[in-house]
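A.B. asks: Pasting in a structure now, in structure tokens, and then I'll have a few things to ask.
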Amino acid sequence: MTRLSETALANLPSSVQRPAYNRTDVKVGIVHLGLGAFHRAHQAVMTEAVLASGDLRWGIAGVSLRSPDTRDALEPQDGLYTVAVRGAEGDRFEVIGAILQSLVAPEDPEAVLALMAAPDTRIVSLTVTEKGYCHKPATGELDEAHPGIVHDLAEPTKPQTAIGFLVEALDRRRRAGLQPFTVLSCDNLPSNGRTVAKVVTRFAELRDAELGAWVREHVAFPCTMVDRIVPATTDADRALVAEALGVEDSWPVMAEPFTQWVVEDHFPTGRPQWELGGATFASEVEPFELMKLRLLNGSHSTLAYLGYLSGHETVADAMAAPGFAELLEAMMREEVTPTLPSLPGFDLTAYRAALLERFRNPALRHRTWQIAMDGSQKLPQRLLGTIRDRLKAGAGFERLALGVAAWMVYATGHDEHGQPIDVRDPLAARFAEATTDKRTAEALVEAYFQFPEVFGADLTHDPHFREEVTRELAGLLAIGAARTVAEVGGH
Ligand code: CS2
């Protein structure tokens with residue numbers, strides 16, 4: 001079968017959307033770090049709408065910080081790829097042309113830095129996942145002992161981390177008398193703009209006090225709330241796309257129909273009109289971020305751990321099993337919503353109902369294992385912050401505690417039947433070691449409380465939190481996840 005490419009575009013079925021502009025006229029205005037499926041189904045799609053409007057200043061150069069896989073897939077396709085939008089009503093296919101170049105940072109860090117320091121580059125955006133910020137998840141401070149950070153401080157011109165790249169490129173712009181780029185975090189972190197500002201500024205200060213002061217004074221770090229469910233692509237997905245397009249795309253991305261991007265409108269050196277792709281700009285984004293992290297991602301993680309332990313491969317499978325939907329609905333309504341700041345004019349009841357519908361989407365095969373990844377980096381903003389607020393208010397949080405307890409079982413690396421779990425987490429080895437031979441809920445909770453970088457000094461010393469999590473964990477150990485969920489969910 002022919003491969004997707006510029007020349008193949010003309011022969012695609014007419015229902016397939018494709019670039020409606022001349023790609024050779026587009027200039028790179030955005031360098032994006034973390035060229036994963038999420039970026040390709042979210043920001044790149046919104047940028048496509050800007051290019052289609054005739055504003056050709058905002059092409060994307062995508063950078064993978066580790067693996068060459070995406071570049072290897074996209075390069076033979078002239079950077080083109082398909083977004084398969086999969087809803088309960090059927091599929092829609094869009095070929096996206098916004099990514100003009102793909103680079104692999106470890107192969108040529110200098111090429112990446114040169115692009116970031118180029119005068120036309122006005123935005124450097126990031127989807128590097130939670131752990132890519134090299135911060136301490138409980139506090140948001142730069143982890144100065146992080147091996148990548150230690151390396152990048154010792155060899156600033158050959159960075160390995162996103163933080164090292166940002167600071168070296170900003171320094172080059174400063175020295176060249178150029179305006180800085182705007183740093184746009186698109187990861188699921190609380191106050192993502194402030195978080196990246198904090199780590200970047202600290203890193204810059206550690207390199208050089210003057211550079212630190214310049215970053216603090218001149219660089220903009222708007223906050224964003226990003227949302228679209230984008231499961232990892234499988235071979236079955238590739239086959240589906242080939243069938244629909246009549247050409248082979250070696251790395252299409254799968255996405256739900258829903259997409260949302262709320263961006264703080266603070267771009268001193270200009271920005272694309274992403275409204276054209278459906279983004280909304282606001283003066284304050286943090287309340288939206290908190291809402292999304294606590295309701296969507298908090299539910300997602302709870303469902304991922306309990307679902308995996310109950311033997312469900314996908315989110316939709318778990319949602320169809322007894323108790324899951326009821327558990328999440330009650331958790332969101334009773335335990336999470338009261339902790340959220342007010343969002344005037346926003347219908348939270350409808351938002352929660354829509355989330356449950358999105359999780360039920362039968363066309364998306366979103367693996368619980370995928371969402372379960374990197375729990376140590378996700379729990380603080382998805383569940384633990386909410387629990388802190390509930391503790392302060394003297395209010396109950398048993399379902400949130402059940403989510404944490406399910407993670408505690410998962411992160412031991414063995415499921416209820418003693419079967420090994422492939423735990424992907426920067427702290428996986430330490431969790432496995434700390435929990436070996438710990439059989440009781442008390443002993444396990446004690447072992448996890450030795451990780452203040454996850455729980456913070458406050459929660460590890462909070463008797464009420466300990467008691468509640470221990471109780472939920474004891475229940476899980478006694479009757480297993482599936483029965484627990486069915487019971488809590490009222491079945
Ligand atoms: C998920 C998110 O993998 C995960 O941790 O919770 O990727 C989720 O699908 C997105 O944040 C939805 O916007």
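Just so it is clear, none of the values below were taken in a lab; they were calculated from the coordinates. This structure is a prediction, so every number in the text was calculated from the model and none was measured. Quick reminder, even Gly has a Cβ in these numbers, built from the backbone with ideal geometry, and neighbours come from all protein chains shown.
A.B. asks: Put a dot 7 Å past each Cα toward the Cβ at GLU416 and PHE258; how far apart are the dots in nm?
C.D. replies: Placing both labels 7 Å beyond Cα along the Cβ direction yields 2.7 nm.
A.B. asks: Run the quick spin-label model on ALA88 and GLU144: label points 7 Å from Cα toward the beta carbon, then report their separation in nm to one decimal.
C.D. replies: 5.3
A.B. asks: In addition: Hey, what's the per residue convex hull volume over the C-alpha atoms of the stretch 325-429, in cubic angstrom?
C.D. replies: 131
A.B. asks: How much length, in nm to one decimal, is gained on full extension between ARG333 and GLU75, taken as 0.36 nm per residue of separation minus their Cα-Cα distance?
C.D. replies: 88.3 nm
A.B. asks: Now for a separate question. Among 95-101, 70-76, how do they line up from the highest to the lowest mean number of other beta-carbon atoms within 10 Å? The partial results should precede the final answer.
C.D. replies: Numbers: 95-101: 22.9, 70-76: 16.7.
So the order, starting with the most tightly packed, is 95-101, 70-76.
A.B. asks: Which of TYR81, TYR448, TYR351 has the fewest other C-beta atoms within 10 Å, and how do the rest follow up to the most?
C.D. replies: Fewest-to-most Cβ neighbours within 10 Å comes out as TYR351, TYR448, TYR81.
A.B. asks: Taking the Cα centre of the stretch 286-490 as origin, work out the dipole magnitude from +1 charges on Lys and Arg Cβ and -1 charges on Asp and Glu Cβ, in debye rounded to 20.
C.D. replies: Details: 21 positive and 28 negative charges, 73 e Å.
My answer is approximately 360 debye.
A.B. asks: Let me have the relative contact order for the stretch 286-490, percent, based on Cα pairs under 8 Å that are six or more residues apart.
C.D. replies: Details: 244 pairs, mean separation 62.5, N = 205.
Computed over the stretch 286-490, the figure is 30 percent.
A.B. asks: How much length is gained if the chain between ALA176 and SER342 is pulled fully straight, taking 0.36 nm per residue apart and subtracting their Cα-Cα distance, in nm to one decimal? Walk me through the numbers on the way to the answer.
C.D. replies: Working: separation 166, 0.36 × 166 = 59.76 nm, distance 4.44 nm.
Extending this stretch completely gives an extra 55.3 nm.
A.B. asks: To make sure I understand, if each residue's beta carbon is the centre and we count other beta carbons within 10 Å, what order do SER283, SER301 fall in, fewest to most? Walk me through the intermediate numbers first.
C.D. replies: On the way: SER283 7, SER301 23.
Listing SER283, SER301 from fewest to most nearby Cβ atoms yields SER283, SER301.
A.B. asks: Could you calculate the FRET efficiency of SER283 with THR2 from 1/(1 + (r/R0)^6), where r is the beta carbon distance between them and R0 is 35 Å, rounded to 0.05?
C.D. replies: Efficiency computed from Cβ-Cβ geometry: 0.15.
A.B. asks: Taking the Cβ of ALA232 as the centre, find all other residues whose Cβ is under 13 Å away and add up their charges (Lys, Arg: +1; Asp, Glu: -1).
C.D. replies: Result for the neighbourhood of ALA232: +1.
A.B. asks: Using only the alpha carbon atoms of the chain, find the Kirkwood hydrodynamic radius as the inverse mean reciprocal pair distance, in angstroms to one decimal.
C.D. replies: So the Kirkwood estimate lands at 23.4 Å.
A.B. asks: When the chain is fully extended, how far beyond the present Cα-Cα distance does GLU217 get from LYS27, taking 0.36 nm per residue of separation?
C.D. replies: So the extension gain works out to 65.6 nm.
A.B. asks: Can you sort TRP369, TRP407 so the residue with the fewest Cβ neighbours within 10 Å comes first?
C.D. replies: Ordered by Cβ neighbours within 10 Å, fewest first: TRP369, TRP407.
A.B. asks: Run the Debye formula on the Cα coordinates of the stretch 54-108, all scatterers equal and no solvent, and tell me log10 I(q)/I(0) at q = 0.21 1/Å.
C.D. replies: Results for the stretch 54-108 at q = 0.21 Å⁻¹ read -0.83.
A.B. asks: To continue, here is another question. Taking the dipole about the Cα centre of the stretch 149-290, with the C-beta of Lys and Arg at +1 and of Asp and Glu at -1, give me whichever of PRO268, ALA239, THR157 is farthest to the positive side.
C.D. replies: Ranked along the dipole, the leading option is THR157.
A.B. asks: Antiparallel as a % of all DSSP beta bridges within the chain, to the nearest 5? Walk me through the numbers on the way to the answer.
C.D. replies: On the way: 14 of 40 bridges.
Bridges in the chain that DSSP calls antiparallel: roughly 35 percent.
A.B. asks: If eta is 1.002 mPa s and T is 20 °C, what Stokes-Einstein diffusion coefficient results for the stretch 286-490, Kirkwood Rh from Cα pairs, in µm²/s?
C.D. replies: So the translational diffusion coefficient is about 127 µm²/s.
A.B. asks: Please express the Cα-Cα pair-distance distribution P(r) of the stretch 6-282 as a list of whole percents, one per 10 Å bin, running from 0 to the bin with the greatest distance.
C.D. replies: 7, 30, 36, 20, 7, 1
A.B. asks: Report, in cubic angstrom per residue, the convex hull volume of the C-alpha atoms of the stretch 399-491. Intermediate values should be presented prior to the final figure.
C.D. replies: Details: hull volume 8.7 nm³, N = 93.
Dividing the Cα hull volume of the stretch 399-491 by its residue count gives 93 Å³.
A.B. asks: For the chain, find the longest principal axis of its Cα atoms and tell me its angle to the long axis of helix 162-176, 0 to 90°, nearest 10.
C.D. replies: Taking the Cα atoms of the chain, the angle to 162-176 is about 30 degrees.
A.B. asks: Next question. Give the Debye-formula value of log10 I(q)/I(0) at each listed q (0.12, 0.21, 0.23 Å⁻¹), with one equal scatterer per alpha carbon of the stretch 265-371, two decimals each.
C.D. replies: Each listed q maps to, in turn, -0.50, -1.08, -1.19.
A.B. asks: Moving on to the next point. I'd like the distance between the alpha-carbon centres of the stretch 125-153 and the stretch 1-36, rounded to an integer number of Å.
C.D. replies: Going from one Cα centre to the other spans 33 Å.
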